[in-house]
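Chemist: Have a look at this one.
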Amino acid sequence: MRTPIVAGNWKMNKTVEGSLQLIAELLPLLQDTAGVEVVLCPPFTSLWAAHQALRGAPVGLGGQDMHWEFSGAYTGEVSAEMLLTCGCRYIILGHSERRAYFSETDETVNRKLLASLKIGLIPIVCVGETLQERQGNVTQQVVRQQVRGAFTGVEPADVSRVIVAYEPVWAIGTGLTATPAQAQEVHAFIRALLSESYGTAAAASVRIQYGGSVKPENAGELFAQPDIDGGLIGGASLQAGPFAAIVKATVNVSREA
Ligand code: PEP
């Protein structure tokens, strides 16, 4: 049985003070989350303070990106070890904003993914098609290439540690959400792809999150789909009430299952 996971991607939002305030508002609302993994991904500058504030809480911490090298002359970058020692257990990789604005490619996502596994971080690797690609009926080709690219060289023993986030680019921050049926179709496709490479049992152990304008109102229906294992939440993770309500919806779905 897969434990659903809800992660908040704060993107380039919140100072240290703002991060601590949001965490203080969230913690009382996230007491009864058994059966769901909850993760916060603040900006790098807030990670250490967030780590201190989350001590003992049932909430994990993640970074939003990292470099694939472990150290060296890479001005402006942070390494997997830096994140790990800042209290991170998770790392978002290949977010569509990184692919679109910072030249992230399947190859760099793959290098980062392999480095994250090597050091013991749990990668959340993002894949998803643009609106143009969906309208051109190439969603499956695009997702296949991104998934295969990301998983190149991942050993069978490590597959179940990787989390995939299916995030249709047209749904990110736009208020447009994939319907539960549209999302389920791609999630099932991703699981089938993993099954081709690693076998049914390994594919069945991989958690696949949905991301793209998830809100308290649509979370329950999306996360009730058989191949959707929680969500990666952007905008709605910046406010305590909506994020906690999304977590609550996930808890309810997992308890009903
Ligand atoms: C995201 O950026 O990963 C995301 C899903 O954003 P939003 O929830 O705002 O669409």
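The values are calculated or read from the model by the stated rules, or taken from the named source; none is laboratory data. Keep in mind that what you see is a predicted model, and the values were worked out from it rather than measured. Every residue, glycine as well, gets a Cβ built from its backbone with ideal geometry; the counts of neighbours run over all protein chains shown. Side chains are part of the model used for accessible areas, which takes the heavy atoms of the whole protein and leaves out ligands, DNA and RNA. Shrake-Rupley method; radii C 1.70, N 1.55, O 1.52, S 1.80 Å.
Chemist: Give, in whole angstrom and from largest to smallest, the semi-axes √(5λ) of the equivalent ellipsoid of the chain, with λ running over the eigenvalues of the Cα gyration tensor. Could the numbers behind the result be given before it?
Modeler: Numbers: eigenvalues 121, 103, 61 Å².
Over the Cα atoms of the chain, the semi-axes work out to 25, 23, 17 Å.
Chemist: Can you give the direction-averaged projected area of the convex hull of the alpha-carbon atoms in segment 103-193, in nm²?
Modeler: Details: hull surface 25.2 nm².
Result: a mean projected hull area of 6.3 nm².
Chemist: Among the lysines, select those whose C-alpha is under 21 Å from the C-alpha of residue 112, and discard any that sit fewer than 8 residues away in the same chain.
Modeler: In chain and number order, the partners are 11.
Chemist: For a quick size check, give me the Cα extents of segment 59-113 along its three principal axes, largest first, whole Å.
Modeler: Extents along the principal axes: 29, 28, 17 Å.
Chemist: Output the peptides 35-45, 151-161, 198-208 sorted from most to least packed, where packing is the average of other Cβ atoms within 10 Å over each peptide's residues. Intermediate results must be reported in sequence, preceding the final value.
Modeler: Numbers: 35-45: 21.6, 151-161: 15.1, 198-208: 17.0.
Descending packing order for the listed peptides: 35-45, 198-208, 151-161.
Chemist: When the accessible area of the chain is split by element with a 1.4 Å probe, what percent falls to carbon and sulfur?
Modeler: Numbers: 6090 of 11240 Å².
Exposed carbon and sulfur together represent 54 percent of the surface.
Chemist: Looking at segment 34-84 from every direction and averaging, what is the projected area of its Cα convex hull in nm²? All intermediate terms of the calculation are to be shown ahead of the outcome.
Modeler: Values: hull surface 16.4 nm².
About 4.1 nm², averaged over all directions.
Chemist: For segment 1-78, would you read off the P(r) tail past 22 Å as a percentage of all alpha carbon pairs?
Modeler: On the way: 906 of 3003 pairs.
Of all Cα-Cα distances in segment 1-78, 30 percent exceed 22 Å.
Chemist: Run through every distinct alpha carbon pair of segment 1-145 and return the Kirkwood hydrodynamic radius in angstroms, one decimal place. The partial results should precede the final answer.
Modeler: Values: mean 1/r = 0.0612 Å⁻¹.
16.3 Å is the Kirkwood radius here.
Chemist: Continuing with this model, one more query. Please work out the C-alpha center-to-center distance from segment 176-237 to segment 11-55 and express it in whole Å.
Modeler: Distance between centres, Cα-based: 23 Å.
Chemist: Using just the helices of the chain, give the 222 nm mean residue ellipticity in deg cm²/dmol: DSSP H runs with n ≥ 4 each add -39,500 (n - 2.57), and the total is spread over all residues, rounded to 500.
Modeler: Working: 11 runs with 111 residues, N = 257.
Value at 222 nm, helices only: -12500 deg cm²/dmol.
Chemist: May I ask for log10 I(q)/I(0) of segment 120-257 at q = 0.19 Å⁻¹, from a Debye sum over the Cα atoms as equal point scatterers with solvent left out?
Modeler: These q points yield log10 I(q)/I(0) values of -1.11.
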